[in-house]
Amino acid sequence: MHHDLRQPLVRQLAESDAPRHYWHMADEDGRAWLFESVEGDGEHWAVRQVEVGADRLARRYWWRHLQDERGFLTDQPLEIWELTEIPQASFEAVWEASA
């Protein structure tokens, strides 16, 4: 599976000193996504992602947990013009709560 090949790349970005950005996106069905991104080659790549379902359950994805039966860490650059930038503290609060 291609996700296994991605793991070292995601980990490399996650452990780099590159600046972080934090993003939020929601849809009409009550689902929300939060991302921590690192810039690489002029693109923003998600290194951590929280997905909050319509069921209000939050699922987290990162290099140690790239995917499960419910979803996966996005493997495309983020289209940041579709996202709202948020403070790091807002992301971390949701990340911790979803553990």
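Every number in this text was worked out from the coordinates using simple rules, so none of it is lab data. Owing to the predicted nature of the structure, the values given are computational and were not obtained by experimental measurement. With ideal geometry, Cβ positions are generated from the backbone for all residues, glycine too; neighbour counts draw on all protein chains shown.
Can you give the calculated 222 nm mean residue ellipticity of the chain, where each DSSP H run of n ≥ 4 adds -39,500 (n - 2.57) and the sum is split over every residue, rounded to the nearest 500 deg cm²/dmol?
On the way: 2 runs with 23 residues, N = 99.
The helix contribution divided over the chain gives -7000 deg cm²/dmol.
Order of PHE72, PHE35 from fewest to most other C-beta atoms within 10 Å?
Working: PHE72 16, PHE35 25.
Fewest to most other Cβ atoms nearby, the residues stand as PHE72, PHE35.
Between beta-carbons, use under 15 Å as the cut-off and find the net charge around VAL38, counting Lys and Arg +1, Asp and Glu -1.
Numbers: positive: ARG6, ARG11, ARG20, ARG48; negative: GLU15, ASP17, GLU36, GLU39, ASP41, GLU43, ASP75, GLU85.
My count for the surroundings of VAL38 gives -4.
Name the longest site-free stretch of the chain, where the excluded sites are GluC sites (Glu not before Pro) in a DSSP loop with no more than 14 other beta-carbon atoms within 10 Å.
Working: sites that count: GLU15, GLU28, GLU69, GLU79.
In short, 29-68.
For the chain, what is the charge dipole size about the Cα centre, in debye to the nearest 20, if Lys and Arg each add +1 at the Cβ and Asp and Glu each add -1 at the Cβ?
In debye, rounded to 20, the chain gives about 380.
Are there trypsin sites (Lys or Arg not before Pro) in the range 12-99 that DSSP marks as loop and that have at most 14 other Cβ atoms within 10 Å, and which are they? Each step should come with its number before you reach the end.
Details: sites: ARG20, ARG31, ARG48, ARG56, ARG59, ARG60, ARG64, ARG70; in loops: ARG31, ARG56, ARG64, ARG70.
Filter output for the range 12-99: ARG31, ARG56, ARG64, ARG70.
Once amide H atoms are placed 1.01 Å from N in the peptide plane, what residues at a sequence separation of 5 or more from ILE86, or on another chain, have their amide H within under 5 Å of its amide H?
Those lying under 5 Å, H to H, from ILE86 are TYR22, TRP23, HIS24.
Could you state the number of Å between the C-alpha centres of the range 52-79 and the range 1-51?
10 Å
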